[in-house]
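The values are calculated or read from the model by the stated rules, or taken from the named source; none is laboratory data. Nothing here was measured: the structure is a model prediction, and the numbers come from that model. Cβ: placed from backbone, ideal geometry, glycine included. Neighbour counts: every protein chain shown.
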Amino acid sequence: MIKADNTVVLKGKNEVSKFNVKDFLMKYIMYIVLVLMSITLAVANDKFLTTGNMMTILKQISIQSIVAIGMTMIIISGNIDLSVGSVVAFCSVTGAMMMTSGVPIWLAVLLVVGIGGLLGFVSGGVTAKLKLHSFLVTLALMQAVRGLAQTITGGYPKAGLPEVFGAVAAKSIFGIPILVIYMIIFYAVFIYIMKYTAFGRSIYAIGSNEESARLSGINVEKVKTMVFVISSALCGVAGLLLTSKVRSGDPTSANGWEMDAIAGAIIGGTNMAGGEGKLGGTIIGLLFVGILANGMVLLGVNAYMQSVVKGLVIFLAVIINSIQKRSQN
Amino acid sequence: MSKTILRAEGVSKSFGGTLALDNAELELRSGEVHALVGANGAGKSTLIKIITGAYSKDEGHIYLEDKEINVKSTFEARELGISAVYQEFSLINTLSVAENIYLGKLISKKHGPVEKIQWQEIIENAKKILDMLESDISPNTIVGSLSVAQKQLVEIAKALSNDIKVLIMDEPSASLSDNDIENMFKLIKGLKEKGIGIVYVSHRLEELPIIADRISVYRDGKYIKTLNIDEAPKKVIIENMVGPGMVETKRTPCSTSEVLMEVQNFSSGKKFKNISFQLHKGEVLGIAGLAGAGRTELVRAIFGVDSKDSGKICIHGKETVIRNPADAKKAGIGFISEDRKEEGLILNLPLHTNLGMTILDKLKRFIGLDLDKEVQLMDDYISSLKIKCRDSAQKAGNLSGGNQQKVVIAKWLATKPEILIMDEPTRGIDIGSKNQIYDLIDDLAKQGIGIIMISSELPEVLQVSDRIIVLAAGKKTGEIENKELTQDILLDYATRKQAV
């Protein structure tokens, strides 16, 4: 009996080891749709399946994908952060302002990531300590921080950055854009954190059942606050990369990124109710949206229609996810 | 003999290859209370869920008043006159009592295309049902503000709002105090007189002679036999439930004189006042009292879950500040809460992850966590605590109540506690698992762990504790060595007003 059980453990944590077409389809449907969509696009347009175009897609999602890491973690913890786009813009302009006024690059980078973390400390701390809904707290912060970014710049982009800083986002290594490499490194690190550290495990526990986590001696307030701090610090990183990429700090940039990050997480299977989700899924979700957008541009779909299609796809993904969940139970 | 109202024959049901119910029978007469007993996993819940349409049966026939029925939903069952009151209430806390009773069938009138809900009528009807149950709950009260006993009554009222023939009650006494149970029994007797057949599922064998007419026993998914209550003393029922070879255990005290923890002058508003006691090494300290006496509130404050107004804790003679459960855990205290589903476990996570939650700090390596150790530990506890499960990766929600409770115990044993607080550790679990938990408490005490156990079942407190403190309305009214104590004496303390 115990022997038999152990072999199940070794085989993995799946319920059934026997191959079943329906289960397989259910489990990998998002991947299958992704592949089918790519094949269709490759057939329809020969520019789609080139290395150059693939790199363009990856590069396009790279900076947002770093924001989506934090968003996924926050949603898994049972919260939401609407302020990420504003924080990215604020960090982008403060970084640009520091560097144009002569602050050494290394110091500006540290300060900006610190400012991001501090903003997260505010939203996370208030959410955790006062037991408020993070939706409301970050809705307020979203407005305030965006306004702040516009106030300190007078509403105009801050240009004139040191040449060297531009290289941070512009380089390529072995033909791979460095932004993509950053993305891969960040995902590797955070996938590890979510799966194999006490902090990551606490996030899942809190999102699944906060009371149970608290009674198990997990410091819920601290973990919640930390999730927001990390997410906002990642927004700081994203803000700096954005500044480097476009060689300026624009207070109107990263508008709506919170929605893109949420969409990526949800398409990737993260449960809005918390407790469930994977960063690997989020990257698939972002790729999905990225490939779709790229394909539509190649096929010459007009911009307004693109938005309609994107909306429909998100809607479809949400339905597929809910069917998947039901079939598991 | 009154006529048969509901009959189940040869009912079978399997879940993913395991046979949960194997050729089961049940014969319910009108106006009788028919108790279903059996260990966890015996098939009682599956059977009642099939009768109420929550599950579909694989095989077998069910007859209501000699007509075969084949219900496909709980809604359909209710239409036919079969209603159930489950252990987990189906009430919506934010709605009023009346709306809850009439949920899904709110009375409305059409004025042309406009529909208007007849609130007045609903409230009056609800009042009538509540009056019939001799309850003074107002139909306008919001359900969330009611006590557990009152919620149960509303649940019964909800069932009665249909024209019912069969009422199924799943562990109705599990979360009630003795007083409330007595009221519920009166109510059940009233329903019997109306000719309603009642299926009564309970783990509390002591109450069966008082309430049940006949008893059907199930074991491992199979129907064993039906007994008249007068031919079924507790011993006979237990023999049939667990099969031959099980005996009730009596523990040997191993309490020492060494004081492990001292609780001094604990107070918190109206919940409890000025409570002090000592816990010794190797001692099992029972906390008895009626519902609302403040037992759970007291231990939650000790463990730092809820705040307190005043009071201090000394562990090994040193004052220890406990502001939250994390502090308590550091101080060597473990807490098995009364609500294992909501507070003890995370049901959608694997067993080993649940275990790991309390010992994340101990699993830390130079980088990351030692997850192999976590699985290993869970595997060890699965065998040492005899947890019935597929493997340590199974989700906690898929285990039976008794086994879930063992997982909660395992997750606290993994912290190597010196003090273990157990709030209703055997609530809603079968007699076999109960005895295993008593044995375990005994073992832990022998290892020198000091145990505080709250239980609403007086026989259990008497069986397990070395010493008992009794709370009544937030005050400590008794502190007694468990020698020649009886339920009567405890009840006497539990109804006193004067603190000791």
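Does the stretch B:242-261 contain at least one residue that is in contact with a Pro (Cβ under 8 Å, 6 or more places away or on another chain) and within 30 Å of B:Ala499 (Cα to Cα)?
At the first step, the residues of the stretch B:242-261 found to be in contact with a Pro (Cβ under 8 Å, 6 or more places away or on another chain) are none.
No, the stretch B:242-261 contains no residue that is in contact with a Pro (Cβ under 8 Å, 6 or more places away or on another chain) and within 30 Å of B:Ala499 (Cα to Cα).
Examine the stretch A:107-123 for a residue that is farther than 26 Å from A:Lys224 by Cβ and over 21 Å from the mean Cα position of the chain (by Cα), and state whether such a residue exists.
yes
Can you confirm whether A:Ile206 is in contact (Cβ under 8 Å) with a residue 60 or more places away in the chain and more than 14 Å from every other protein chain (Cβ to nearest Cβ)?
no
Being within 18 Å of the chain's Cα centre (by Cα), part of a helix (DSSP H, G or I) and surrounded by 15 or more Cβ atoms within 10 Å (Cβ to Cβ): is that true of A:Gly95 here?
Details: within 18 Å of the chain's Cα centre (by Cα): no; part of a helix (DSSP H, G or I): yes; surrounded by 15 or more Cβ atoms within 10 Å (Cβ to Cβ): yes.
No; evaluated as a whole, the condition is false for this residue.
On the basis of being assigned by TED's automatic domain parsing to the domain that holds B:Leu103 and at pLDDT below 90, does B:Asn183 make the cut?
So B:Asn183 passes the test.
Does B:Ser400 fit the bill of being in contact (Cβ under 8 Å) with a residue 40 or more places away in the chain and polar (S, T, N, Q)?
yes
Go through the stretch B:479-496 and give me each residue that's under 30 Å from B:Ser202 (Cα atoms) and in contact (Cβ under 8 Å) with a residue 40 or more places away in the chain.
B:Asn482, B:Leu490, B:Leu491, B:Tyr493, B:Ala494, B:Thr495
Please work out which one of (1) within 14 Å of chain A (Cβ to nearest Cβ); (2) touching a residue at least 24 places away in the same chain (Cβ under 8 Å) is the condition B:Lys273 fails and give its number.
Only one criterion is unmet by B:Lys273, namely (1).
Go through the stretch B:335-352 and count every residue that is at the interface with chain A (Cβ under 7 Å from one of its Cβ atoms), in a helix (DSSP H, G or I) and more than 18 Å from the chain's Cα centre (by Cα).
Residues in the stretch B:335-352 being at the interface with chain A (Cβ under 7 Å from one of its Cβ atoms), in a helix (DSSP H, G or I) and more than 18 Å from the chain's Cα centre (by Cα): 0 in total.
So that you can scan it fast, the table gives a plain yes or no per residue for (1) under 28 Å from B:Lys362 (Cβ atoms); (2) part of a loop (DSSP other than H, G, I, E, B):
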position: B:Tyr381; (1), (2): yes, no
position: B:Lys388; (1), (2): yes, yes
position: B:Ala393; (1), (2): yes, yes
position: B:Asn403; (1), (2): yes, no
position: B:Ala410; (1), (2): yes, no
position: B:Thr415; (1), (2): yes, yes
position: B:Asn435; (1), (2): no, no
position: B:Ile452; (1), (2): yes, no
position: B:Val461; (1), (2): no, no
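Would you check if B:Leu21 is in contact with a Phe, Trp or Tyr (Cβ under 9 Å, 6 or more places away or on another chain), in a strand (DSSP E or B), surrounded by 22 or more Cβ atoms within 10 Å (Cβ to Cβ) and at negative phi?
For B:Leu21, the condition - in contact with a Phe, Trp or Tyr (Cβ under 9 Å, 6 or more places away or on another chain), in a strand (DSSP E or B), surrounded by 22 or more Cβ atoms within 10 Å (Cβ to Cβ) and at negative phi - is met.
When the stretch A:127-141 is examined, which residues are found to be in a helix (DSSP H, G or I) and either over 12 Å from A:Phe228 (Cα atoms) or among the aromatic types (Phe, Trp, Tyr) (or both)?
A:Lys129, A:Phe135, A:Leu136, A:Leu139, A:Ala140, A:Leu141 - these are the residues of the stretch A:127-141 that are in a helix (DSSP H, G or I) and either over 12 Å from A:Phe228 (Cα atoms) or among the aromatic types (Phe, Trp, Tyr) (or both).
Report whether or not B:Ile387 is out of contact with any Gly (no Cβ under 7 Å at 6 or more places or on another chain), among the hydrophobic types (A, V, I, L, M, F, W, C) and within 9 Å of another protein chain (Cβ to nearest Cβ).
no
Are there any pairs with C-beta distances below 8 angstrom linking a residue in the stretch B:114-133 that is in the same structural domain as B:Leu95 (by TED's automatic domain parsing) to a residue that is of a type in the set (Val, Ile, Thr) and assigned to a loop (DSSP other than H, G, I, E, B), with the two at least 6 apart or on different chains, and if so which?
Sorted first by the residue in the stretch B:114-133, then by its partner, the pairs are B:Ile117/B:Ile107; B:Gln118/B:Ile107; B:Glu121/B:Ile107; B:Ile122/B:Ile107; B:Asn125/B:Ile107; B:Leu130/B:Ile137.
Would you be able to tell me the number of residues in the stretch B:256-298 that are assigned to a loop (DSSP other than H, G, I, E, B) and modelled with pLDDT of 80 or more?
Residues flagged as assigned to a loop (DSSP other than H, G, I, E, B) and modelled with pLDDT of 80 or more within the stretch B:256-298 amount to 11.
Pick out the one residue from B:Ala472, B:Ala499 that is touching a residue at least 60 places away in the same chain (Cβ under 8 Å) and not assigned by TED's automatic domain parsing to the domain that holds B:Ile336.
Being touching a residue at least 60 places away in the same chain (Cβ under 8 Å) and not assigned by TED's automatic domain parsing to the domain that holds B:Ile336 holds for just one of B:Ala472, B:Ala499, which is B:Ala499.
Would you call A:Lys245 facing another protein chain (nearest Cβ under 10 Å) and surrounded by fewer than 24 Cβ atoms within 10 Å (Cβ to Cβ)?
No, not satisfied.
For B:Lys312, state whether it is more than 12 Å from chain A (Cβ to nearest Cβ) and over 30 Å from A:Ile206 (Cα atoms).
Values: more than 12 Å from chain A (Cβ to nearest Cβ): yes; over 30 Å from A:Ile206 (Cα atoms): no.
So B:Lys312 fails the test.
In this structure, does A:Gly155 turn out to be over 19 Å from A:Ile69 (Cβ atoms) and not β-branched (Val, Ile, Thr)?
It is true that A:Gly155 is over 19 Å from A:Ile69 (Cβ atoms) and not β-branched (Val, Ile, Thr).
Give me the helices (runs of 4 or more DSSP H) completely within the stretch A:158-227, filtered to those with at least 1 residues that are under 25 Å from B:Asp372 (Cα atoms), ordered by residue number.
Passing ranges, in order: A:178-196, A:198-208, A:210-215.
Could you grab me the full set of residues in the stretch B:168-191 that are in contact (Cβ under 8 Å) with a residue 60 or more places away in the chain and either surrounded by fewer than 19 Cβ atoms within 10 Å (Cβ to Cβ) or of a type outside the set (D, E, K, R) (or both)?
Answer for the stretch B:168-191, where residues must be in contact (Cβ under 8 Å) with a residue 60 or more places away in the chain and either surrounded by fewer than 19 Cβ atoms within 10 Å (Cβ to Cβ) or of a type outside the set (D, E, K, R) (or both): B:Ile168, B:Met169, B:Pro172, B:Ala174, B:Ser175, B:Leu176, B:Ser177, B:Asp178, B:Asn179, B:Ile188.
Residue by residue through the stretch A:178-203, note down the ones that are within 14 Å of chain B (Cβ to nearest Cβ), under 18 Å from the mean Cα position of the chain (by Cα) and either surrounded by 24 or more Cβ atoms within 10 Å (Cβ to Cβ) or of a type in the set (Val, Ile, Thr) (or both).
A:Val189, A:Ile191, A:Ile193, A:Ile203
When you check A:Asn45 against the structure, is it at pLDDT below 95 and of a type in the set (S, T, N, Q), yes or no?
Yes; evaluated as a whole, the condition is true for this residue.
Residue-by-condition table, conditions (1) in contact with a Ser or Thr (Cβ under 6 Å, 6 or more places away or on another chain); (2) crowded, with 23+ Cβ neighbours inside 10 Å; (3) of a type in the set (A, V, I, L, M):
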site: B:Pro325; (1), (2), (3): no, yes, no
site: B:Ala328; (1), (2), (3): no, yes, yes
site: B:Gly344; (1), (2), (3): yes, yes, no
site: B:Leu351; (1), (2), (3): yes, yes, yes
site: B:Leu355; (1), (2), (3): no, yes, yes
site: B:Asp361; (1), (2), (3): no, no, no
site: B:Phe366; (1), (2), (3): no, no, no
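Take the stretch B:360-383 and flag every residue that is closer than 20 Å to A:Asn209 by Cβ, more than 9 Å from every other protein chain (Cβ to nearest Cβ) and over 26 Å from the mean Cα position of the chain (by Cα).
B:Glu374
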